[in-house]
1. Is there a residue in region 269-281 that is away from ligand 1 (no atom under 16 Å from the Cβ), of a type outside the set (D, E, K, R) and part of a loop (DSSP other than H, G, I, E, B)?
2. What number of residues in region 339-361 are more than 21 Å from the chain's Cα centre (by Cα) and within 16 Å of ligand 2 (Cβ to nearest atom)?
3. If the requirement is being away from ligand 2 (no atom under 16 Å from the Cβ), aliphatic (A, V, I, L, M) and modelled with pLDDT of 95 or more, which of these qualifies: Leu262, Leu306?
4. Return yes or no: is Asp146 over 14 Å from Asp111 (Cα atoms) and of a type in the set (D, E, K, R)?
5. With (1) outside any helix (DSSP H, G or I); (2) over 28 Å from Pro97 (Cα atoms) as the list, and Gln228 as the residue in question, which single condition is left unmet?
6. Kindly establish whether Gly295 is at pLDDT below 95 and under 29 Å from Leu381 (Cβ atoms).
7. Select, from Arg316, Arg222, Arg282, the only residue that is more than 30 Å from Ile158 (Cβ to Cβ), in the same structural domain as Phe377 (by TED's automatic domain parsing) and surrounded by fewer than 21 Cβ atoms within 10 Å (Cβ to Cβ).
8. Tell me the helices (runs of 4 or more DSSP H) entirely within region 427-467 that contain at least 1 residues that are among the polar types (S, T, N, Q) and in the same structural domain as Met390 (by TED's automatic domain parsing).
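The values are calculated or read from the model by the stated rules, or taken from the named source; none is laboratory data. This one's a predicted model, so the numbers in the text were calculated from it and none came from an experiment. With ideal geometry, Cβ positions are generated from the backbone for all residues, glycine too; neighbour counts draw on all protein chains shown.
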Amino acid sequence: MRVLLINPKFRLPIDTRTTPHLGLAYLGAVTERRGDICKIYDADVEDEPLADFLREYRPDVVGITANTPQVKQAWRTAQLIKQVLPGVPIIIGGPHPSVLSEESAMRPEIDIVVRGEGEAVWVELLDVIDRAKQTDPDFTAEDLLDPEAHLLDTVFGITYRTNDGKMHITPDHPPIPNLDDLPWPAYHLFKMERYTNLQPATDHVDGARSFSILTSRGCPYRCTFCSQSIMPQKWRCRSAKNVADEWEHLVRDYGAQEIGVLDDSANIRVDRLHELADELIRRKLNHVPWIFVNGIRANLASKELLAHLKEAGLKRVAFGVETGDPDIMLSIDKRIDHDTIRQAFQNAKEVGLETIGFFIIGLPGDTEETMERTIQFAIELDPMIANFSMMTPYPGTKVYEIVKRKGRMLVKDWDDYVFFDGKARYEMGELTAELVERKWREAYRRFYLRPRRVVRTLLRKDFWLNFPRTSRVAFRTIFPRKVKKELARELGTSVAVSQ
Ligand code: B12
Ligand code: SF4
């Protein structure tokens, strides 16, 4: 069959990174392994209009991915597909439809919603459609949803509405038992030269040579703010050998110049990371710098482990700090304390690693004082990069439920569920939008505009190589909207002002 996978257009309001979609890369790989022809249309980087692409390629089945701020664009994309190729089955998956599957399944342009981890379910769906097409070449999405045909009854992990209007939610699909059985992500299906590197505001690397890798899936923790609901809760990992094999493939076959580990919690099993480090050193792959893009657990980041990983090429490590206030820390269920975090940063710095700290401004229960503690803690830890997110309650998180019960959601449209644009997403008790937005801007200003910090930044070569991009990001983040407008007026309105 001819299969098409789509990442709907979604440009973030700041100049941030655009990297190949790893979920689609995995789905592409299992599609090809099944023997199908597969193409990926990433609307963020394509020039050709989708309608032209569809007329030319004429896929037999289309899969679309969506996180929350992308989901409406995913539906619009599906509507366009139904206009151009009316009978083609359209399947949607990803973080947002996984949590609110009925919302997407209700829509006439969506035929099937896949919930959670996608590879096994996707292949089962392709099998069903392929078998049906072999007996009836004119088989359409309508035939797939015929209530008499029962074609989808045995596929677990999906939500769909049959033509009689009845909603079907099949039981969850069991997690893939052995991640080593998965093929490597199909990067050859992407126009790699069109993507940025992993952390473009910080590093100067040719984007075409930046790759991501996933060494484990899931996370045993359940922090109240985190959309951790896509992958099953049970943490599963690939063997060190299997990861090192893919690593070698990225370095030797694709010429990777940097690798980003995207795991939610990569260091749950410390022995596995030691083994991986040994493999990378033994295979002489440690000259390629790599980064933990997401936070690793601070309680499992000993100096010994970090030193070993550094020897294996690790350049930068991230920790989810979230808050500087002990009571808020308890309330978000992060299961970590501030001394452990202090120690992890100290360990990382002592072995010579660059550090990233993730902080959240505006958690439920936050006040002016607690947010102040978060800013002060960020300054005390002094990571190379401090990322302050304004709390955005994504569906499926505990914070979303708390805000719906006790607060007032300010964001009404899924399109607006991005957290880079400096607008508060909800109000609750004393936590007003004005307060959160002020503290968020203050956090960036006070962290990045300290004299010692400024000097250190100016001394980094990559800062100057990235200067145009970095200054645009800083301008949009640090200055209040009013100041930006005034500056823009003075500069002849040539400066972009975020809405
Ligand atoms: C890397 C990453 C990014 C990168 C790159 C995104 C990209 N191009 O892939 C960057 C930094 C750009 C990014 C940005 C954002 N991200 Co992000 N990101 C991630 C991260 C850490 C890893 C994604 C990943 O590769 N996962 C591994 C792959 C294998 O899983 P997957 O993509 O989910 O795909 C699987 C299933 O979902 C399913 N599936 C997915 N699509 C489809 C489609 C079909 C047809 C089928 C059948 C199945 C299917 O099958 C796949 C294979 O199992 C996740 C956390 C996580 N653990 O997933 C957050 C995560 C996806 N991001 C999140 C968010 C909120 C964002 C932002 C909105 C944040 C913001 N700035 O406001 C933006 C949105 C940007 C955008 N363009 O859409 C949330 C999403 C929550 C939600 N409800 O939407 C997550 C889950 C983080 C979290 N725990 O809260 N992100
Ligand atoms: S924030 Fe990190 S530790 Fe907490 S649930 Fe999400 S991935 Fe797990």
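1. Checked against the condition, which is being away from ligand 1 (no atom under 16 Å from the Cβ), of a type outside the set (D, E, K, R) and part of a loop (DSSP other than H, G, I, E, B), region 269-281 yields no hits at all.
2. Residues that pass the stated criteria total 3.
3. Going through Leu262, Leu306 in turn, the sole match is Leu306.
4. The answer is no for Asp146.
5. (2)
6. Here the answer is yes, as Gly295 does meet what is asked.
7. Going through Arg316, Arg222, Arg282 in turn, the sole match is Arg282.
8. The helices (runs of 4 or more DSSP H) meeting that bar are 451-458.
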